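To start, the structure itself, in structure tokens.
The values are calculated or read from the model by the stated rules, or taken from the named source; none is laboratory data. Just so it is clear, the structure is predicted and the values come from calculations on it, not from any experiment. Every residue, glycine among them, receives a Cβ derived from its backbone with ideal geometry; neighbour counts consider all protein chains shown.
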Ligand code: GTP
Ligand code: MG
């Protein structure tokens, strides 16, 4: 995919703050610190477009980005940055759930997971929301650079079993999986 422009549109906590747009949209969700923001930067080849941080909980609101004046990428807040903190989940859940259910232009959800972790309860819930809403649903196993090739293979097989579908091996650090992910996303952003 040739990226001619990538621009921050706005940040929103509530539906009233979502940008009004007819453009097809792709959202990126997952646990805190799995690399959602880094993965978006890697996809669009812009190191600093989306703010990233080694301290979990960097992205707290929905962040909308215009790509090529042609489609929108939405960086969703992660969960799990305040481990076991019910208040955190209480805020996160409706923000993400309402968005997935009510964003009419949303074509697909990219669900980013850490290749080294088994799915948790909330990850399973995200899968259900996306499949229930009938949008495209793509699981991406990020941070594959942290494992050897053979460990990656077995980890992906486990994740494919757990999520019940294909999983794309990715590294926002090295760019592994970029081409494959664009290949899967392309049909969702064609108008
Ligand atoms: P929140 O906004 O807190 O939900 O986090 P996030 O999912 O957006 O993660 P972010 O992109 O901010 O990355 C978190 C940390 O993981 C940063 O220190 C990144 O540099 C690092 N990171 C992200 N992707 C990769 C990867 O593929 N490999 C490695 N080794 N590190 C990564
Ligand atoms: Mg982030």
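Taken over segment 80-103, the criterion of being within 16 Å of ligand 2 (Cβ to nearest atom) and assigned to a helix (DSSP H, G or I) is satisfied by 88, 91, 92, 95, 96, 99. Can you confirm whether residue 153 is within 16 Å of ligand 2 (Cβ to nearest atom), surrounded by fewer than 18 Cβ atoms within 10 Å (Cβ to Cβ) and either at pLDDT 95 or above or within 24 Å of residue 6 (Cβ to Cβ) (or both)? No: the conditions fail for residue 153. Go through segment 51-74 and count every residue that is near ligand 1 (Cβ under 7 Å from one of its atoms) and touching a residue at least 40 places away in the same chain (Cβ under 8 Å). Matching residues across segment 51-74 total 0. All of 93, 146, 173 fail the test of being out of contact with any helix residue (DSSP H, G or I) (no Cβ under 7 Å at 6 or more places or on another chain), within 23 Å of residue 58 (Cα to Cα), surrounded by 13 or more Cβ atoms within 10 Å (Cβ to Cβ) and at pLDDT 95 or above, apart from 146.
In the set 112, 126, only one residue is crowded, with 19+ Cβ neighbours inside 10 Å, within 16 Å of ligand 2 (Cβ to nearest atom) and assigned to a helix (DSSP H, G or I); that residue is 126. Taking the stated definitions as given, is residue 104 more than 22 Å from residue 174 (Cα to Cα) and away from ligand 1 (no atom under 15 Å from the Cβ)? Here the answer is yes, as residue 104 does meet what is asked.
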